[in-house]
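The structure appears below as structure tokens.
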Amino acid sequence: MSQTRLLVLVGSLRAASINRRLAEAAASTAPEGVDVVIYEGLADIPFYNEDLDAEGKVPASARALRDAVAASDGLLLVTPEYNGTLPAVLKNAIDWASRPYGEGALKGRPTAVISASISQNAAKWSHGDAVKALGVAGAAVIDEASQHFGTIGQRFVETHPADDAEALTQLAATVRLLAEAAAVKVQA
């Protein structure tokens, strides 16, 4: 049996962000046969510019993201909410991975979104914007795999999400559902 590979894109660039810790905790829940990898390097990718997206001009950092998404069986976005929407770094990643239009690495890729913020809203606006952008880009968003974490500044300030049984259960469900969708796509 081949290994199912899930790629995680984290929308917060802070090394110690709670969103990053949620991604780490999600990776720790991977069942046997599933490899969950957190992508490093989103901060190095220039903003999408069609002038750069031409033969021989695509920046190495953008090419590396496209290759990583294409090599994955499924994609997991973990997004905070900045000013009521998703962070520019995630939107930029979606833009680069969606090109060339209609043929990009996102096309048909099983994808799930986890949102988390300090508010009780649980970054649901950011989540909605991510789902919209991913859907327009051609990703196969697995809605039932979504998770929303609110008031994370209180909940996870002293406790890593990996030490929170309820959070681990929720994250494990997301990883399992995404891996199942990815396995179905691979077998098709």
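Among all residues of region 48-64, there is at least one that is under 25 Å from residue 4 (Cα atoms), hydrophobic (A, V, I, L, M, F, W, C) and not in a strand (DSSP E or B).
Taking the residues in region 2-33 that are hydroxyl-bearing (Ser, Thr, Tyr) and part of a loop (DSSP other than H, G, I, E, B) as candidates, determine which candidate is surrounded by the fewest Cβ atoms within 10 Å (Cβ to Cβ). Break it down into steps so the answer makes sense when it comes.
The initial filter retains those residues of region 2-33 that are hydroxyl-bearing (Ser, Thr, Tyr), namely 2, 4, 12, 17, 28-29.
Pick out the ones that are also part of a loop (DSSP other than H, G, I, E, B) and you get 2, 12, 17, 29.
Working: 2: 8, 12: 22, 17: 17, 29: 19.
Looking at residues that are hydroxyl-bearing (Ser, Thr, Tyr) and part of a loop (DSSP other than H, G, I, E, B), I get 2.
Among the residues making up region 54-72, a single one is within 27 Å of residue 185 (Cβ to Cβ), of a type outside the set (A, V, I, L, M) and in contact with an Asp or Glu (Cβ under 9 Å, 6 or more places away or on another chain): 61. Tallying residues that are more than 14 Å from residue 111 (Cβ to Cβ), surrounded by fewer than 21 Cβ atoms within 10 Å (Cβ to Cβ) and at pLDDT 95 or above within region 171-188 yields 3. From the list 90, 42, 52, 9, the one residue that fits, being touching a residue at least 40 places away in the same chain (Cβ under 8 Å) and either more than 16 Å from the chain's Cα centre (by Cα) or under 15 Å from residue 174 (Cβ atoms) (or both), is 9. Reported count of residues in region 12-39, each being over 14 Å from residue 89 (Cα atoms) and more than 14 Å from the chain's Cα centre (by Cα), is 12. When residue 60 is tested against (1) of a type in the set (Gly, Ala, Ser); (2) surrounded by fewer than 17 Cβ atoms within 10 Å (Cβ to Cβ); (3) modelled with pLDDT under 95, only condition (3) is not met. When region 69-84 is examined, which residues are found to be crowded, with 18+ Cβ neighbours inside 10 Å, farther than 16 Å from residue 146 by Cβ and over 12 Å from the mean Cα position of the chain (by Cα)? If the condition is that a residue be crowded, with 18+ Cβ neighbours inside 10 Å, farther than 16 Å from residue 146 by Cβ and over 12 Å from the mean Cα position of the chain (by Cα), then 73 is the only one that fits. With respect to the conditions (1) over 20 Å from residue 70 (Cα atoms); (2) crowded, with 20+ Cβ neighbours inside 10 Å; (3) out of contact with any helix residue (DSSP H, G or I) (no Cβ under 7 Å at 6 or more places or on another chain), residue 165 falls short on a single one, namely (2).
If you check residue 36 against the conditions, is it surrounded by 16 or more Cβ atoms within 10 Å (Cβ to Cβ) and either outside any helix (DSSP H, G or I) or not aliphatic (A, V, I, L, M) (or both)? I'd like the intermediate steps shown before the answer.
Numbers: surrounded by 16 or more Cβ atoms within 10 Å (Cβ to Cβ): yes; either outside any helix (DSSP H, G or I) or not aliphatic (A, V, I, L, M) (or both): yes.
It is true that residue 36 is surrounded by 16 or more Cβ atoms within 10 Å (Cβ to Cβ) and either outside any helix (DSSP H, G or I) or not aliphatic (A, V, I, L, M) (or both).
Consider region 133-154 and keep the residues that are surrounded by 13 or more Cβ atoms within 10 Å (Cβ to Cβ) and out of contact with any strand residue (DSSP E or B) (no Cβ under 7 Å at 6 or more places or on another chain). The one that is farthest from residue 76 (Cα to Cα) is 151.
The values are calculated or read from the model by the stated rules, or taken from the named source; none is laboratory data. Since we're looking at a predicted model, the values are computed, not measured. When we count neighbours, we look across all protein chains shown, and the Cβ atoms used for this are built from the backbone with ideal geometry, even at glycine.
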